[in-house]
Amino acid sequence: MSDSKVFKNFINGEWVQSKSGQTYENRNPADKNEVVGVFQKSNAADVKMAVDAASEAYKKWRLYPAPKRGEILYKIAQRLLADKESLSQQMTREMGKVINETRGDTQEAIDMTFYMAGEGRRLFGMTTPSEMLNKFDMTIRQPLGVCSFITPWNFPMAIPSWKMMPALICGNTVVIKPATETPLSVANLIQVCHEEGIPPGVVNMVTGSGSALGDPLINNPAVRVVSFTGSTEVGRKISQACATDFKHCSLEMGGKNVQIVMDDADLDLAVHGALWGAFGTTGQRCTATSRIVCHKDIVGKFTSMMIERARSLKVGNGLDASIEMGPCINQGQLDTVLSYIEIGKKDGAKLVTGGERLTGGDYDKGFFVQPTIFGEVTQSMRIWREEIFGPVLGIAVCNDLAEAIKMANDTSYGLSASIYTRDINKAYTAMRDVYTGIFYVNAPTIGAETHLPFGGTKETGNGHREASTAALDVFSEWKSVYVDFSGSLQRAQIDNQ
Ligand code: NAD
């Protein structure tokens, strides 16, 4: 074991060791020799302690006025802003994405925290007329209790904040289990929450593997909400586990996002968008562009422009500001990417650029792969159908808009899609008919803003949305309140026919 800093679990306002007595090393994916930190390999007993603490804290936190909860969130946001550069540098070291993108990740947490702080003075319900005289009708949001969060590694601080801040402002308490690969960014977020005034027990963190901690995080009867972001495979299991006790279950899962490029598109813009969408975050975004549907008349030109630009992308350690694409997160993800490249070739797609692991010099220290593009991709191919979660883009050809929309919808996922066209009729038709939770016109499939609902259709999600006021619906339940001030028994129409 190295002499790197040891990070503990955070339970009931204190940093504590796991009952397991075991730890694991978290290494930099751009440099395997660098241990970013040593983290607790927690067990079910740790989760129980955290849920118990959250349960106890809930008794007071739910009654703490929402505007006061908002004031704490404002302080957290301000502190994240002040510490943004350091938090982002640490995030690049543990996750690998380039520094400009980790700054964006931290910024997303700042934006979400400010946004939800403001909700402390809104959390609007409605008032509405009653059927009866001297009776008052209204709705209020009530919190649910303890929320368990299971989060992925690709947005180490943004995604945890997307769950934590709406949950807290509604009056819930939290136990979070970060991805094994990115616990440092969550530990940093938790430390800020603690220092800026979140009371003990209101936020808790346990680190360790999902397979060991999933059950205790979900099955504890005190847990009333489970919010998960990750693969569809794990999400399905979580959904089934939550169903038994009717727990609120919010799932954000995989994607196979498409960019349509019509023959009238601004090609420079479309190429720019496709490069950013496909290779930003090394293609490891749930909203990453992994499919292009390109009109037959321009596919040749579009493909050559893409090849030229992809070849010039600078790949390396994301802490170097000139680097445009970082490594894959770990050996497993690199192997998956390389195996899909082989599958693409075997299935008959045409590898037009990339396709190799990058080796030699500093590349040998990390999990680097070339930005990779396949042409002549067809709908039966696995690289068209399956999420790869790496820098691999497939280009397929369409004859017209109707076919493009059909191809766009030919996926089990439904997160994000985009169209590049100068024709407003085509743009609106695609906006209406492509069945996803997010749609862009003349912009890439990535780049969500915090004040709009975020989530997807089909196997990407289970109907809930994160971010915006839509997130409040996950972390609160409606209570309809009727106040009769007539002094007599009045019967509603349901009982008065
Ligand atoms: P993953 O499903 O392997 O892991 C996600 C989290 O679940 C991690 O914390 C992991 O430890 C935990 N986990 C693993 N097995 C578990 C189990 N049996 N029970 C409970 N928890 C378990 O996903 P990942 O590799 O971390 O992330 C990549 C996936 O996440 C991709 O499919 C991507 O599309 C998806 N993702 C979706 C969104 C979205 O908003 N739709 C955002 C980011 C990532």
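How many residues are over 25 Å from ARG93 (Cβ atoms) and either in contact with a strand residue (DSSP E or B) (Cβ under 9 Å, 6 or more places away or on another chain) or more than 10 Å from the ligand (Cβ to nearest atom) (or both) when one looks only at the range 186-215? Adding up the residues that qualify gives 7. Scanning the range 321-334 for residues that are free of Cβ contacts under 8 Å to residues at least 60 places away in the same chain and surrounded by 14 or more Cβ atoms within 10 Å (Cβ to Cβ) gives GLN333, LEU334. Testing VAL261 on (1) more than 11 Å from the ligand (Cβ to nearest atom); (2) assigned by TED's automatic domain parsing to the domain that holds PRO143; (3) of a type in the set (A, V, I, L, M), one condition comes back false. Which one is that? Going through (1) more than 11 Å from the ligand (Cβ to nearest atom); (2) assigned by TED's automatic domain parsing to the domain that holds PRO143; (3) of a type in the set (A, V, I, L, M) one by one, VAL261 breaks only (2). Test GLU85 against the stated conditions and say whether it is touching a Pro at 6+ places or on another chain (Cβ under 8 Å) and either at pLDDT 95 or above or surrounded by 23 or more Cβ atoms within 10 Å (Cβ to Cβ) (or both). It is false that GLU85 is touching a Pro at 6+ places or on another chain (Cβ under 8 Å) and either at pLDDT 95 or above or surrounded by 23 or more Cβ atoms within 10 Å (Cβ to Cβ) (or both).
Screening the range 388-497 for strands (runs of 3 or more DSSP E) wholly inside it with 2 or more residues that are more than 16 Å from the ligand (Cβ to nearest atom) and surrounded by 23 or more Cβ atoms within 10 Å (Cβ to Cβ) returns the ranges 392-398, 416-420. Within the range 219-229, if we keep just the residues that are of a type in the set (Val, Ile, Thr) and more than 7 Å from the ligand (Cβ to nearest atom), the residue that is nearest to TRP153 (Cα to Cα) turns out to be VAL226. Among all residues of the range 279-296, there is at least one that is over 29 Å from GLY104 (Cβ atoms), away from the ligand (no atom under 11 Å from the Cβ) and surrounded by fewer than 23 Cβ atoms within 10 Å (Cβ to Cβ).
One line per residue, one yes/no per condition, for (1) of a type outside the set (A, V, I, L, M, F, W, C); (2) assigned by TED's automatic domain parsing to the domain that holds MET138:
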site: ALA448; (1), (2): no, no
site: LEU452; (1), (2): no, no
site: GLY456; (1), (2): yes, no
site: ALA470; (1), (2): no, yes
site: ASP473; (1), (2): yes, yes
site: SER476; (1), (2): yes, yes
site: SER488; (1), (2): yes, no
site: ARG491; (1), (2): yes, no
site: ASN496; (1), (2): yes, no
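For the range 226-236, a tally of residues being part of a loop (DSSP other than H, G, I, E, B) and among the acidic types (Asp, Glu) returns 0.
Taken over the range 316-358, residues that are among the β-branched types (Val, Ile, Thr), out of contact with any strand residue (DSSP E or B) (no Cβ under 9 Å at 6 or more places or on another chain) and either over 16 Å from ASN33 (Cα atoms) or not assigned by TED's automatic domain parsing to the domain that holds GLY283 (or both) amount to 2. Considering the conditions (1) among the β-branched types (Val, Ile, Thr); (2) in the same structural domain as ARG385 (by TED's automatic domain parsing); (3) touching a residue at least 60 places away in the same chain (Cβ under 8 Å), ILE424 is excluded by exactly one of them, (3).
Filtering the range 58-102 to residues that are among the charged types (D, E, K, R), touching a Ser or Thr at 6+ places or on another chain (Cβ under 9 Å) and under 24 Å from SER148 (Cβ atoms) leaves ARG62, GLU94.
Filtering the range 336-360 to residues that are within 16 Å of the ligand (Cβ to nearest atom), under 23 Å from GLU101 (Cβ atoms) and not hydrophobic (A, V, I, L, M, F, W, C) leaves THR336, TYR340.
Looking at this structure, is THR113 within 20 Å of the chain's Cα centre (by Cα), over 14 Å from ILE169 (Cβ atoms) and buried (at least 17 other Cβ atoms within 10 Å of the Cβ)? Criteria not met by THR113.
The values are calculated or read from the model by the stated rules, or taken from the named source; none is laboratory data. Being a predicted model, the structure only gives us computed values, none of them experimental. Cβ: placed from backbone, ideal geometry, glycine included. Neighbour counts: every protein chain shown.
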